[in-house]
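A short worksheet on the structure shown next.
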Amino acid sequence: MKILVTGGAGFIGSAVVRHLVGDLGMSVVNLDKLTYAGGLESVAAVSDSDALAFEQVDISDRAAVERVFADHAPKAVMHLAAESHVDRSIDCPSAFVETNVNGTFTMLDTALAYWRGLSFKAQKEFRFLHVSTDEVYGALGGEGLFTEDSQYRPSSPYAASKAAADHFARAWHHTYGLPVVVTNCSNNYGPYQFPEKMIPTMVLAAIAGDRLPVYGDGSNVRDWLHVEDHAEALYTVLTKGRPGEVYNIGGDNERRNLEVVEAICAELDQLLLNSKNKPHRNLIEFVTDRPGHDFRYAIDGSKLERELGWSAKWKFEKGLAETVRWYLENRDWWEPIQKIYSRGRQGLGNA
Ligand code: NAD
Ligand code: DAU
C-alpha cells in the first residue's frame, strides 16, 4: 500500500516516513515544499530505499497536487504539512492561513476528486488522515482534560488556522463522504525538531552558553509526547480508525515549562562535565510572556486506547534525556540550520 505523506520532511512527518519505510517496509511518497522547517536530512535514514519517493510541492498548488495523486496513486493520505510554530503565527499569520487553511482545502478537494475516480473497493479502503493539534481546544485551567468533545476555542493565529482546517476536514467527510479521520495531538518532542520550539531552543542555547528564555514565569503546562509514539499512533489511526471520527493523542506527561527546562539543564550538567556553563540552570532567564499564551494543555487519550488499543511507550524523563543526547550527538543536523536561523525571539507581534 502506497501512502502519500505531506510534510514528511518536517519534525513529525519525517518520523512518520522513517516509521513507515524503515520499520514497516511500506511505500511512501513524501510531498513537501521544503520551507525553512523542512529538510531531507531528516529522512536520510531511509532515503536510499526504492520505497520512498519525494515530491517538492506546495500543498496549495492544486495542479501539482493533482499530478502527484495521478502519478503515485496512493491508497491513503497522511496530511501533516503545515506552518507549525505559534510564535511565527503571531508575527506573520497570513502564511498560516495560506498553508494550513487553503493548503488543507486543496489537499481535501484534490483527494476527493481522486477518490471519486477509484473503484468501489478502493474507495472503501481509502483514508485521509488529517493531523491536527490540541491547541484547537484553547487553554485549560488547573483542572480537566481535553476530550474529543471539547469545544473549539483556538487562541493563537496558528490554532485558529488548524481549527479551520479541522472543520474543512470534517465537512469533506460529512458532505462528500471522503473517508476522513482527524487526530488532535499534544506537544511532541524528540529528534529532528526545528530549534525554534521550546525543547531544542533550550538545549542549543544551553550548549552555547546563551540565556534560556522562559516565557512568563514558566508555570505554563504542556503534555509531552515522544514523536516516535506519535508516528505509531498516527499509523494506528490510519489503519484502524473509523472514518468521520476524531481521536485525541496524548502522552500523559503534563509538565510545567520551568520543570522541563530544569530537567534539560540537569541532563546537560551530567553530559558536559567540563562545561564552563555548569550549572546550566543559571542560564535561565524569565522573559516577556507570549501574547495570549495558553496556560495549560492536557489530553484525555482514553478513546484511542479503548477503541484502537494504542498507548504511548516512551517515559518522558527517559525520552527527554535521550533527546538532549541526540542534539549533542547530531550537530551535523542542527549546525547548518543555525546558519539560517539564529534563535532570536519571535512572537512578540512586532514583525
Ligand atoms: P514542522 O514545522 O516541523 O514541519 C512542517 C513540514 O511541512 C515541513 O517539512 C515543511 O517544509 C512542510 N510544509 C510547510 N508548508 C508547506 C506547504 N505549503 N506545502 C508543502 N509542505 C509544507 O511541523 P511539525 O511539528 O512536524 O508538525 C506536523 C503537523 O503536526 C502539523 O500539521 C502540526 O500542526 C501538527 N502537530 C504538531 C505538534 C507538535 O508538537 N509539533 C503537535 C500536534 C500536532
Ligand atoms: O500542543 C501542540 C502544539 O505544540 C503543536 O500544535 C505546535 O505545532 C507545537 O509548536 C507546540 O506548540 P507550543 O506553543 O506549545 O510549543 P512551543 O515549543 O513553541 O512552546 C512550548 C511552551 O514553552 C509554551 O508554553 C511556550 C514556552 N516557550 C517556548 C519557547 C519557544 C518558552 O518558554 N520559551 C521559548 O523559547
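Rank the residues Cys185, Cys265 as a footprinting-exposure proxy: fewest other Cβ atoms within 10 Å of their Cβ go first.
Going from sparsest to densest Cβ surroundings: Cys265, Cys185.
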| message | Given the -39500 (n - 2.57) contribution per DSSP H run of 4+ residues, what per-residue ellipticity at 222 nm results for the chain, rounded to the nearest 500 deg cm²/dmol? | response | -11500 deg cm²/dmol
| query | Hey, what did the chain get for relative contact order, percent, Cα under 8 Å, at least 6 apart? | reply | 18
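Peptides 310-317, 241-248, 16-23: what's the order by average Cβ count within 10 Å, highest mean first?
Numbers: 310-317: 16.8, 241-248: 18.4, 16-23: 22.9.
Order by mean packing, descending: 16-23, 241-248, 310-317.
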| note | Long-range amide H partners of Glu254, meaning residues 5 or more apart or on another chain whose placed amide H is closer than 5 Å, are Trp224
| query | Taking the Cα centre of the chain as the origin and placing charges on Cβ (Lys, Arg +1; Asp, Glu -1), which of Leu268, Trp333, Leu108 is farthest toward the positive end of the dipole? | reply | Leu108
| So for Met1, Met198, fewest C-beta neighbours within 10 Å to most, what's the order? | Met1, Met198
| Taking the Cα centre of region 51-98 as the origin and placing charges on Cβ (Lys, Arg +1; Asp, Glu -1), which of Ser84, Ala63, Pro74 is farthest toward the positive end of the dipole? | Pro74
| 20 Å Cα-Cα reach of Lys162 towards lysines, excluding residues that sit fewer than 8 places from it in its own chain | Lys33, Lys197
| lysines within cross-link reach of Lys313: Cα-Cα under 19 Å, excluding same-chain residues under 8 positions apart? | Lys240, Lys303
| task | Could you check what % of the DSSP bridge pairs in region 114-264 are antiparallel, to the nearest 5? | result | 20
| task | Go through region 284-295 residue by residue and turn each phi into a ³J(HN,Hα) via Karplus (6.51, -1.76, 1.60, θ = phi - 60°); whole Hz please, and just put x for glycine and proline. | result | 5, 9, 7, 10, 3, 5, 5, x, x, 4, 5, 6
| task | May I ask you to evaluate 6.51 cos²θ - 1.76 cosθ + 1.60, the Karplus curve with θ = phi - 60°, for each residue of region 84-89 and list the ³J(HN,Hα) values in order in whole Hz, giving x for glycine and proline? | result | 10, 9, 4, 4, 5, 5
| Where the only charges are on Cβ atoms (+1 Lys, Arg; -1 Asp, Glu), what is the dipole of the chain about its Cα centre, to the nearest 20 debye? | 280
| query | Rounded to the nearest 5, what % of the DSSP beta bridges within the chain are antiparallel ones? | reply | 10
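Assign unit charges at the C-beta atoms only (+1 for Lys and Arg, -1 for Asp and Glu), then state the dipole size of region 46-197 relative to its Cα centre in Debye, rounded to the nearest 20. Show your work: numbers first, answer last.
Working: 12 positive and 20 negative charges, 118 e Å.
Charge dipole, region 46-197, about its Cα centre: 560 debye, nearest 20.
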| query | Using modelled backbone amide H atoms (1.01 Å from N, in-plane), which distant-in-sequence or interchain residues come within less than 5 Å of Phe128's amide H? | reply | Val77, Val180, Val181
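Round to the nearest 0.05 the FRET efficiency obtained for Arg116 and Thr147 when R0 = 25 Å and r is the Cβ-Cβ distance.
0.15
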| Where Rh is the Kirkwood radius over the Cα pairs of the chain, the temperature 10 °C and the viscosity 1.306 mPa s, what D in µm²/s does Stokes-Einstein return? | 77
| message | Which one, Leu238, Ile249, Val203, projects farthest toward the positive side of the charge dipole computed for the chain from Cβ point charges (K/R +1, D/E -1)? | response | Leu238
| message | Please list, ordered by chain and number, the residues whose modelled amide H lies under 5 Å from the amide H of Gly138; skip anything fewer than 5 residues away on the same chain. | response | Arg153, Ser155
| note | Two pseudo-spin positions, 7 Å from Cα along C-beta at Lys313 and at His174, lie apart in nanometres by 3.7
| query | Using 0.36 nm per residue, how much length does the chain from Lys240 to Asp269 gain when fully extended, once their Cα-Cα distance is taken away? | reply | 6.1 nm
| remark: Expected sort for Val46, Val65 with the fewest Cβ neighbours (10 Å cutoff) up front is Val46, Val65
| message | I'd like the Karplus ³J(HN,Hα) series for region 246-262: coefficients 6.51, -1.76, 1.60, θ = phi - 60°, whole numbers in Hz, and an x wherever there's a Gly or Pro. | response | 10, 10, 7, 10, x, x, 6, 10, 6, 9, 6, 4, 4, 4, 5, 5, 5
| DSSP-defined antiparallel bridges as percent of all bridges, region 1-96, nearest 5 | 0
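Read-outs throughout are calculated quantities, based only on the coordinates presented, and are distinct from any laboratory measurement. For clarity, every value in this text was computed on a predicted model and none was experimentally measured. Positions of Cβ are generated from backbone atoms using ideal geometry, with glycine treated the same way; all protein chains shown enter the neighbour counts.
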